[in-house]
Amino acid sequence: MGMVFSWLSVASLSPTEVLTALNLDDTGGAVGLGDCEIAGAALPQGGYVVVANAFWHAVIHPPKLACLSLNAAVVGCTESENANASAAFLWRDGEPIWQVTHVLDEGAEHLDVEGDAPAESAVLLEQAIARHRVEGYDAVYGVPAAVAKSCTGFRYGEDRGLRFTRLVPSTARVRIGSTPIVVEWPNERGDLTAALGRALEAILVPLGFDVRRDPRGDEFFRTRDDTTLTIYGVGYDDHPFYTCDIFISVRQNLVEQLIVSVIPQHRSSSTCDLRLAKLEGHAGFDIRSIRHIEAFITSLVDKVPALIERCGSVRELDRIVNADRTCIDGIDFLSAEGPIVLAWLAGNPNFESMVAYADSRYDRREVEGETPIVQLADHLRRNVPVA
């Protein structure tokens with residue numbers, strides 16, 4: 001089995017600052033490279049290097065590089081002899097600055113250069129190609145590591161004299177009722193989703209929710225009176241920082257029955273879909289440290305039960321979904337029936353404006369006579385008393 005690793009180096013921060021930004025803890029136990037998943041060492045010329053025993057290990061994924069590079073330039077490298085692939089990079093101010101990548105499958109002389117790579121890259125590539133043509137081996141494979149060494153003085157395998165210690169992901173412990181929740185800094189967004197699922201389970205099962213297990217993230221559901229709720233948490237890593245959110249799908253069965261009585265072809269799994277972040281005026285909840293995860297989970301203990309309680313009341317659900325709006329914006333127009341029926345049942349003063357707006361959004365070339373929204377509104381006015 002060939003050598004496989006990833007590493008990053010920071011020159012201008014202390015080891016403690018680097019580990020805090022990466023959400024890693026130093027156990028202090030001395031190790032050799034490859035003896036554990038992640039290890040770290042101080043460099044003799046100054047700076048700190050973190051090494052992991054996997055190709056494109058999570059320690060060099062964008063969310064971690066983005067956080068770390070807000071305070072310092074970060075140079076790193078990753079190699080896989082099994083895949084005959086290697087790369088080196090620089091991040092600064094939360095953004096990638098350059099990356100050089102070699103993949104043998106793309107050709108023995110292949111080197112993809114993105115951004116403003118060091119001038120040494122061209123020289124090192126030229127020398128490697130010359131060696132390849134004379135000696136026949138994949139000399140370009142080592143170019144990314146050589147570029148990274150020119151920036152940091154470190155190269156994997158040339159680390160004699162360095163004292164590496166074992167590093168582990170930072171953890172946080174949150175108690176929800178009698179249930180302790182232990183979370184680690186995620187390697188993948190799925191890890192963050194799973195942590196949210198464990199927290200929601202501790203909150204929701206005592207409230208009568210059942211669990212639907214799913215590898216992509218557990219869902220929690222409950223039907224009480226006329227309302228069916230489905231709740232789940234999701235972690236994201238495309239910010240490039242981690243973000244997360246809690247989703248609540250609300251199916252108000254009286255509302256759905258009224259819609260189907262007028263529009264038989266109506267098929268919807270929910271009357272409305274709520275996002276906790278949107279309700280609080282955010283695009284998502286930023287997660288930049290293990291403490292952010294701890295604080296977010298702690299906040300759910302009060303927020304989620306309170307929101308569930310409100311969803312069980314037609315008037316409160318109308319306040320959440322419709323508030324004081326007169327328009328149903330964007331793609332929501334395609335599922336306007338649920339909010340409009342809610343507005344009627346709750347006595348929302350903007351009901352008529354909402355109907356008029358939704359009606360105006362139909363493509364008249366595809367509608368004969370009154371639109372389904374107008375038909376639904378007429379039925380409500382004639383037959384359904386306001387709650």
Residues of the stretch 91-110 satisfying the condition of being in contact with a helix residue (DSSP H, G or I) (Cβ under 6 Å, 6 or more places away or on another chain) and modelled with pLDDT of 95 or more: Trp91, Val100, His102
Check on Val168, in contact (Cβ under 8 Å) with a residue 24 or more places away in the chain, in contact with an Asp or Glu (Cβ under 9 Å, 6 or more places away or on another chain) and surrounded by 19 or more Cβ atoms within 10 Å (Cβ to Cβ): no
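Identify, from the list Ser335, Ser313, Ser299, the residue that is at pLDDT 90 or above, among the hydroxyl-bearing types (Ser, Thr, Tyr) and over 30 Å from Val18 (Cα atoms). If you could, list the steps in order and put the result at the bottom.
Numbers: Ser335 fails: at pLDDT 90 or above; Ser299 fails: over 30 Å from Val18 (Cα atoms).
Exactly one of Ser335, Ser313, Ser299 is at pLDDT 90 or above, among the hydroxyl-bearing types (Ser, Thr, Tyr) and over 30 Å from Val18 (Cα atoms), namely Ser313.
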Number of positions in the stretch 117-132 that are assigned to a helix (DSSP H, G or I) and touching a helix residue (DSSP H, G or I) at 6+ places or on another chain (Cβ under 9 Å): 10
Hits in the stretch 135-165 (condition: under 33 Å from the mean Cα position of the chain (by Cα), of a type in the set (Phe, Trp, Tyr) and either in a loop (DSSP other than H, G, I, E, B) or not assigned by TED's automatic domain parsing to the domain that holds Ser86 (or both)): Phe154, Tyr156
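Given the criteria assigned by TED's automatic domain parsing to the domain that holds Thr20, touching a Pro at 6+ places or on another chain (Cβ under 7 Å) and under 22 Å from Tyr242 (Cβ atoms), does Pro96 qualify? I'd like the intermediate steps shown before the answer.
Working: assigned by TED's automatic domain parsing to the domain that holds Thr20: yes; touching a Pro at 6+ places or on another chain (Cβ under 7 Å): no; under 22 Å from Tyr242 (Cβ atoms): yes.
No: the conditions fail for Pro96.
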Residue list for the stretch 116-148, restricted to those being in contact (Cβ under 8 Å) with a residue 24 or more places away in the chain and under 29 Å from Phe241 (Cβ atoms): Ala117, Pro118, Ser121, Pro144, Ala145, Val147, Ala148
Hits in the stretch 263-292 (condition: within 30 Å of Ala21 (Cβ to Cβ) and either charged (D, E, K, R) or touching a residue at least 60 places away in the same chain (Cβ under 8 Å) (or both)): Arg275, Lys278, Glu280, Asp286, Ile287, Arg288, Ser289, Ile290, Arg291
Of the criteria (1) surrounded by fewer than 20 Cβ atoms within 10 Å (Cβ to Cβ); (2) under 28 Å from Leu162 (Cα atoms), which one Leu124 fails: (1)
Near pairs, Cβ below 6 angstrom, 6+ apart or cross-chain, from the stretch 346-368 (over 23 Å from Arg319 (Cβ atoms)) to any residue that is surrounded by 14 or more Cβ atoms within 10 Å (Cβ to Cβ) and not charged (D, E, K, R): Asp359/Thr371; Asp359/Ile373; Asp359/Val374; Arg361/Phe333; Tyr362/Thr371
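The values are calculated or read from the model by the stated rules, or taken from the named source; none is laboratory data. Only a predicted model underlies this, so the values are computations on that prediction, with no experimental measurement involved. Don't worry about glycine lacking a Cβ; one is built from the backbone with ideal geometry, like all the others, and counts go over all protein chains shown.
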